[in-house]
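Shown next, in structure tokens, is the structure this report addresses.
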Amino acid sequence: MRNALLALSFVPSLALAANDAFFIETFDQPVARRDAGGNWTEIYDVATMRSVTLSAAHRGAGGITFTRNLGVTTTGTDTQLEWVGRESPRGDSWLRWWMRTRVTMAAPQQLIGFGDTNVPNHLGIAYDPTGLFLTGFDGDGQYFNPRAANLPDSNWHLYEIFLRGMGFSDAGVTVIVDGTAVLDYRVGFDFVDAGVRQINIGYTYGAPRTLIGSVDFDDVRGSLTRPAGIARINGVNGPWYADTCVQLRVDFATSDRFLQQPLFDSNTITLASVPSGTFFSEATCTQQLPISFSADAGTTVINVWFRPTSAATYFLTASASDLLPGLGSLSVQPAMDAGRDAGEIDAGTDAGIVSVPDAGSDDAGTLDAGTLDAGTLDAGTSDAGTSATSDAGTSDAGVELEPRELAVGCSCATGAWPLVLLGVAMWRARRRR
């Protein structure tokens, strides 16, 4: 299979996404303190254990797990890792991480913090019996705790926080889960005094510390721009016929599928189709691709080829190890009549061409209007990479969006009185520092 990979067409980005990252933690190595060349200051309490293990990894050699088996009735900080930067943020910042929660007894517990805890304006994501909440303090020291989403299931989910307006008096926060904006909170933060960059993960604060279970983290990163979050797969130059070699385009985009972005680091790429078909590395469909292969950091596009064996709608999946999987489809017509060249299309037309967007395009993966001959594609079967429909960002100030189901879902009202106690306790603790 090495020859197949050598022929595979990779298109690199002119600038790696890593250039604007201000924090990177993969947990593929044991956690190291900053004085030993690592990222972290350790805050440890006997109520919660932590360890870096393969079983806690979303990908790679390790992830970190925090486990509490016995609750503590006191309120305060618990086992966590803290990173404090050496510069004051200004403008936009992104924090993204993979997280898996396996909770057997729910209680108000902040799991990740973003922002300098020595100044009022910092925030975090808290687990509560009624859902996930955005918690923190605005620039005036007022506590806030809007509900962001239903409780997640025990699978891995990709979380992102977009903090805009750092260093200014009119800032806002967006919380994104698996590519969908679940909360767009515009409260007019006064973030003029933003302090320094800071990230805390673990059981950062509980009121009281009675959540029982474990939380796993992997691939925690902070950056100035939104990184790639999903793979996309589209057919190129249709219409497509059975028993011909069909070109496919695999690329990578922000998790809302809107903006093409390069891979942050090396990823394992896996392609699949239903009904099953075979993927190839070149246009003659003679060099078969392995089930999985590696793509380097900075890759934006991978050109591959696919041979459908019969007329059908083929549902395609492109997975990258650090991204959400992307779905696409091909509406394949019966094999062409004998004597007609493979891949030939009607002269003078570009019927069936799927529009693959340039970076920044707002019609990512949609079909070019007016370019389809009637009947070449079944309606709705070629929506690979289409922008996810979301009313994210449309809410008025402080109005939460409809929480998106993550799996176990909670139909509870938004009231979360225990989180009010969490906020009061965090405020008192901060005032004592």
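The values are calculated or read from the model by the stated rules, or taken from the named source; none is laboratory data. Predicted model only: the values in this text are computed from it and were never measured. Note: ideal-geometry Cβ built from the backbone for every residue, glycine included; neighbour counts use all protein chains shown.
Considering (1) within 30 Å of Gly165 (Cα to Cα); (2) surrounded by fewer than 22 Cβ atoms within 10 Å (Cβ to Cβ); (3) in contact with a strand residue (DSSP E or B) (Cβ under 8 Å, 6 or more places away or on another chain); (4) in the same structural domain as Arg307 (by TED's automatic domain parsing), the lone condition that Asp265 does not fulfil carries the number (3).
Put simply, of Thr244, Thr286 the only residue that is of a type in the set (Val, Ile, Thr), on the phi < 0 side of the Ramachandran plot, in a loop (DSSP other than H, G, I, E, B) and surrounded by 16 or more Cβ atoms within 10 Å (Cβ to Cβ) is Thr244.
The single condition from (1) modelled with pLDDT of 95 or more; (2) among the small types (Gly, Ala, Ser); (3) part of a loop (DSSP other than H, G, I, E, B) that Ala318 fails is (3).
Matching residues to (1) modelled with pLDDT under 95; (2) assigned to a strand (DSSP E or B):
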{"position": "Tyr205", "(1), (2)": "yes, yes"}
{"position": "Val215", "(1), (2)": "no, yes"}
{"position": "Phe252", "(1), (2)": "no, yes"}
{"position": "Phe258", "(1), (2)": "yes, no"}
{"position": "Ala272", "(1), (2)": "no, yes"}
{"position": "Asn303", "(1), (2)": "no, yes"}
{"position": "Thr309", "(1), (2)": "yes, no"}
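Just to be sure, is Ile302 crowded, with 22+ Cβ neighbours inside 10 Å, in contact (Cβ under 8 Å) with a residue 12 or more places away in the chain, under 30 Å from Pro30 (Cα atoms) and not polar (S, T, N, Q)? When the stated conditions are applied, Ile302 does not pass them. In region 180-194, the residue that is nearest to the chain's Cα centre (by Cα) out of those that are under 20 Å from Arg96 (Cβ atoms) and surrounded by fewer than 23 Cβ atoms within 10 Å (Cβ to Cβ) is Thr180. Within the set Thr65, Thr77, Thr48, the sole residue that is surrounded by fewer than 22 Cβ atoms within 10 Å (Cβ to Cβ) and of a type outside the set (Asp, Glu) turns out to be Thr77. What are the residues in region 195-213 that are surrounded by fewer than 20 Cβ atoms within 10 Å (Cβ to Cβ) and either out of contact with any Pro (no Cβ under 9 Å at 6 or more places or on another chain) or not assigned by TED's automatic domain parsing to the domain that holds Arg100 (or both), if any? Correct list: Ile212, Gly213.
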